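Participant: First the structure, then my questions, so here it is.
Coordinate-derived values only; no laboratory data. Predicted model only: the values in this text are computed from it and were never measured. So basically every Cβ, Gly included, is an ideal-geometry build from the backbone, and we count neighbours across all protein chains shown.
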Amino acid sequence: MAFDTDSHSLIQKWQKDARRVRNEVTRFNHRLAETGLFEDEALAKLLDSHPYEELTICTMRPNPPAYERWIAGEARGLDGGQLLDAVKKGRFWISPRHVMTVNPVYAELFRRLMSEYREATGLTIASSDGALILSSPHMGVFYHVDLAETMLWHIRGHKTIHLYPPHEPFVSEASLEAILLKENLTDLPYSPELEAGVMQVDLGPGDAVSWPVHSPHRVCNGEDLNVSISIEYTTPKTVMLNGVYYFNGRVRRMTGVNMSAQRTPALLKPAWAIGAKALKILAPRKVTAETTHERRFDIDFSAKHCIAWRGQAPDWAA
Ligand SMILES: [Fe+2]
């Protein structure tokens, strides 16, 4: 690694008080690009070494409207360099799952990054995971909510993230309960009126942004290859909050009693969270990306946008 993480901070500059990240959208700058680990050659090598079964490949309509869903595909027979080339030329995104915690080189960087973040913010972080996402021009992510605290470290290209407040009408307790109970993936109902509450953040190389837990968001890429790390982490407060939502959701479904996280007495919340943990072990996993998204295309340089559809192409891809 050309970048010496022992003598340089990865985080360069906070645009507001780092200790307010739990409560406010907070921007800062970083030096991940200087490690050399996100240049073409390094990324190709990384993709070659990563197990194919642990690679997510998806597409969707360019600049997706907020209600659009993604479509999963395959990229068998391509080496890392070809795959990266296809991301640049095509219209899809790939993510080598768990690379930031499993690959020794990237995992070391991730540990350093989280250590600096923990120190700057003063947060107690119970667990963390980072997803490296390589995405084509004009790709995006639809309106959704993440259950853990989330931030995006952007490294190459340009994108815009649209962030919404973490409460009704942008996200309901019922939606959070259904996601925690694994009845739904993380997508949310969307209507154009929600744009009244949007905060738009433009991200270029070296920019990062974090937002309060349960803030819905969606993303649109610019006209270039995008390389980012999406990081999720949990704090004891988040674990307890999600435990309350989970427990209330289970009780509501079993008894019909209308529970509310907002009205749960503060002193009972730890007990709620413990109960949720016990119930969670017993609950079957109902919905996963694998069961809800069949593979509908193959990456192919001879096809339009490098996507060869299996069967009928969506109307927007024709
Ligand atoms: Fe997200």
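Participant: Using +1 at the Cβ of each Lys and Arg and -1 at the Cβ of each Asp and Glu in region 156-211, identify which of L180, I161, A196 lies farthest towards the dipole's positive end.
Facilitator: Of the listed residues, the answer is I161.
Participant: In which sequence would E177, E294 go, from the one with the fewest C-beta neighbours within 10 Å to the one with the most?
Facilitator: Starting with the residue having the fewest Cβ neighbours, the order is E294, E177.
Participant: For each of T59, T160, count neighbouring Cβ atoms within 10 Å of the residue's Cβ, then give the residues from fewest to most.
Facilitator: Ascending Cβ contact count within 10 Å gives the list T160, T59.
Participant: Which ³J(HN,Hα) values, rounded to whole Hz and listed in residue order, are derived for region 99-107 from phi using the Karplus coefficients 6.51, -1.76 and 1.60 in 6.51 cos²θ - 1.76 cosθ + 1.60 with θ = phi - 60°, glycine and proline given as x?
Facilitator: Couplings: 4, 6, 10, 9, 6, x, 5, 6, 5 Hz.
Participant: Using Cα positions and a limit of under 12 Å, work out the aspartates and glutamates in reach of K237, with same-chain residues fewer than 8 apart set aside.
Facilitator: The qualifying aspartates and glutamates are E149.
Participant: Using a cut-off of 10 Å between beta-carbons, work out the net charge of the residues near D40 (Lys and Arg +1, Asp and Glu -1, D40 not included).
Facilitator: Its environment carries a net charge of 0.
Participant: OK, next. Step through the residues of region 302-318 one at a time and calculate ³J(HN,Hα) from phi using the Karplus curve (6.51 cos²θ - 1.76 cosθ + 1.60, θ = phi - 60°), rounding each to whole Hz and writing x for Gly and Pro.
Facilitator: Running phi through 6.51 cos²θ - 1.76 cosθ + 1.60 with θ = phi - 60° gives 7, 9, 4, 6, 6, 10, 9, 6, 8, x, 5, 6, x, 4, 6, 9, 5 Hz.
Participant: Add +1 for every Lys or Arg and -1 for every Asp or Glu among the other residues with Cβ under 11 Å from the Cβ of E24, and state the total.
Facilitator: Around E24, the charge tally is +4.
Participant: Here is a further query. Which pairs in the list K182/K304; K89/K159; K45/K182; K13/K89; K45/K304 are over 24 Å apart, alpha-carbon to alpha-carbon?
Facilitator: Result: K182/K304; K45/K182; K13/K89; K45/K304 exceed 24 Å.
Participant: On to the next question. At a 10 angstrom cut-off on C-beta neighbours, averaged per residue, how do the peptides 46-55, 203-212 rank from highest to lowest? Numbers along the way, then the final one.
Facilitator: On the way: 46-55: 14.4, 203-212: 20.6.
Ranked from most to least packed, the peptides come out as 203-212, 46-55.
Participant: Could you size up the charge dipole of region 11-234 around its Cα centre, putting +1 on the beta carbon of Lys and Arg and -1 on that of Asp and Glu, and report it in debye to the nearest 20?
Facilitator: With Lys and Arg at +1 and Asp and Glu at -1, about 340 debye.
Participant: Under the classification rounded if a/c is under 1.5, otherwise prolate if a/b is larger than b/c and oblate if not, where does region 71-213 fall, given a ≥ b ≥ c as square roots of the Cα gyration tensor eigenvalues?
Facilitator: Verdict is oblate for region 71-213.
Participant: Sum up the charges of everything whose Cβ sits under 12 Å from the Cβ of D298, counting Lys and Arg as +1 and Asp and Glu as -1, but leave D298 out. Before the final figure, lay out each step's value.
Facilitator: Working: positive: R76, R295, R296, R310; negative: E74, D300.
In short, +2.
Participant: Next up: Rank L109, V141, L152 by how far each Cα sits towards the positive end of the charge dipole of region 68-165 (+1 on Lys, Arg Cβ; -1 on Asp, Glu Cβ) and give me just the farthest.
Facilitator: About the Cα centre, the residue reaching furthest to the positive side is V141.
Participant: Rounded, prolate or oblate, given the Cα gyration tensor of region 23-90, with a/c below 1.5 counting as rounded? Kindly include the intermediate steps, with their values, before the conclusion.
Facilitator: Values: a/c = 2.10, a/b = 1.08, b/c = 1.95.
Note, shape of region 23-90 comes out oblate.
Participant: For A308 paired with T56, estimate the spin-label separation in nm (one decimal), with each label point 7 Å from Cα along the Cα-to-Cβ line.
Facilitator: Placing both labels 7 Å beyond Cα along the Cβ direction yields 2.6 nm.
Participant: Then there is this: Given H placed on each backbone N at 1.01 Å, which residues far from I155 in sequence or on other chains put an amide H within less than 5 Å of it?
Facilitator: Correct list: G206, V227, S228, I229.
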